[in-house]
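Down below is the structure, laid out as structure tokens.
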Amino acid sequence: MLYIGDLVNTHGIKGETRIISNFKYKDIVFKPNNNLYINNEKLKIKTYRKHKNYDMVTFENYNNINDVLKFKGNKVYINKEEFKFNGPLNEELIGKKVYNNDKYIGILKDIINNGGGEILVVKGEKEYLIPYVDEFVKEVNENIKLNLIKGFIDED
């Protein structure tokens, strides 16, 4: 199971829920008839819409606020095997070794989205924040290989 967000509240009285998620491929996951998992319960999406920062979801056979209250405050997961994603998932990259031009600089600790793009958080001798863009990230496989401009990170 792959964590994609939190069900933070209900919305209205007809069983609609509010999910907060920074998952990269929400456009693939949040579609009618796809499955989400909450408390190890498989839930089929009936409807989906965006509202402010929330992903608003209703589930099949859950038509009342009282039916979905039990999910409030819980984590939302997907079964990764049910989807086809273009490229690696950010969650799979955490913990990989990061190299800049074959020089080890640290371990990828997190990938954050600052609203303008994704940032790699690499922990080595220091903590480095590196934009996750093609200009810097050259290869992602068992390791992450970067090609940063001179002076981007402190060099001896």
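The values are calculated or read from the model by the stated rules, or taken from the named source; none is laboratory data. These numbers were taken from a predicted model, which means no experiment stands behind them. Using ideal geometry, Cβ is built from the backbone for each residue, glycine included, and neighbour counts are taken over all protein chains shown.
Table for the structure above
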| quantity | calculated |
| --- | --- |
| In segment 136-154, the residues that are farther than 20 Å from ASN22 by Cβ and surrounded by 10 or more Cβ atoms within 10 Å (Cβ to Cβ) | PHE136, LYS138, GLU139, ASN143, LYS145, LEU146, ASN147, LEU148, PHE152, ILE153 |
| Candidates TYR99, TYR25 - the one that is touching a Lys or Arg at 6+ places or on another chain (Cβ under 9 Å) and in contact (Cβ under 8 Å) with a residue 12 or more places away in the chain | TYR99 |
| Segment 66-125, subset β-branched (Val, Ile, Thr) and closer than 30 Å to GLY15 by Cα, residue farthest from the chain's Cα centre (by Cα) | VAL68 |
| Count - residues of segment 17-34 that are crowded, with 16+ Cβ neighbours inside 10 Å and either outside the structural domain of THR47 (by TED's automatic domain parsing) or outside any loop (DSSP other than H, G, I, E, B) (or both) | 5 |
| Qualifying residue in segment 116-132 (condition: within 20 Å of ASP27 (Cβ to Cβ) and either of a type in the set (A, V, I, L, M, F, W, C) or assigned by TED's automatic domain parsing to the domain that holds VAL29 (or both)) | no |
| Extreme residue, surrounded by the fewest Cβ atoms within 10 Å (Cβ to Cβ), among residues of segment 100-135 that are under 17 Å from ASN22 (Cβ atoms) and among the charged types (D, E, K, R) | ASP110 |
